[in-house]
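Below is one structure; the comments refer to it alone.
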Amino acid sequence: MYCIMLSDKFGFDLDEIILDKLAKNAQRYPVKFAYGNSNKAN
């Protein structure tokens, strides 16, 4: 709750931040390679 209030006070758009993070993760960890694989990504 505190993070949401703080982001609102400083004018951050949480929807945009979350969608950007999801897009970056989708590029870094494609489903076809990551699904069913428990190996570390690095």
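Residues are listed down the side, and each one gets a yes or a no for (1) β-branched (Val, Ile, Thr); (2) surrounded by 10 or more Cβ atoms within 10 Å (Cβ to Cβ):
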position	(1), (2)
3	no, no
10	no, no
18	yes, yes
21	no, yes
25	no, yes
30	no, yes
34	no, yes
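Cβ-Cβ below 9 Å, separation at least six or inter-chain, first residue in the stretch 22-42 and at positive phi, second of a type in the set (S, T, N, Q) and at pLDDT below 90: which pairs? Partner pairs satisfying both residue conditions: none exist.
Test residue 34 against the criterion of being of a type in the set (Gly, Ala, Ser) and under 11 Å from the mean Cα position of the chain (by Cα), and give yes or no.
Numbers: of a type in the set (Gly, Ala, Ser): yes; under 11 Å from the mean Cα position of the chain (by Cα): no.
Taking the combined requirement at face value, the residue does not satisfy it.
Screening the candidates 24, 32, 40, 9 for the property of being basic (Lys, Arg), in a helix (DSSP H, G or I) and modelled with pLDDT under 95 yields one hit, 32.
The values are calculated or read from the model by the stated rules, or taken from the named source; none is laboratory data. None of these values were measured; they are calculated from a predicted model. Neighbour counts run over all protein chains shown; Cβ positions are idealised from the backbone, glycine included.
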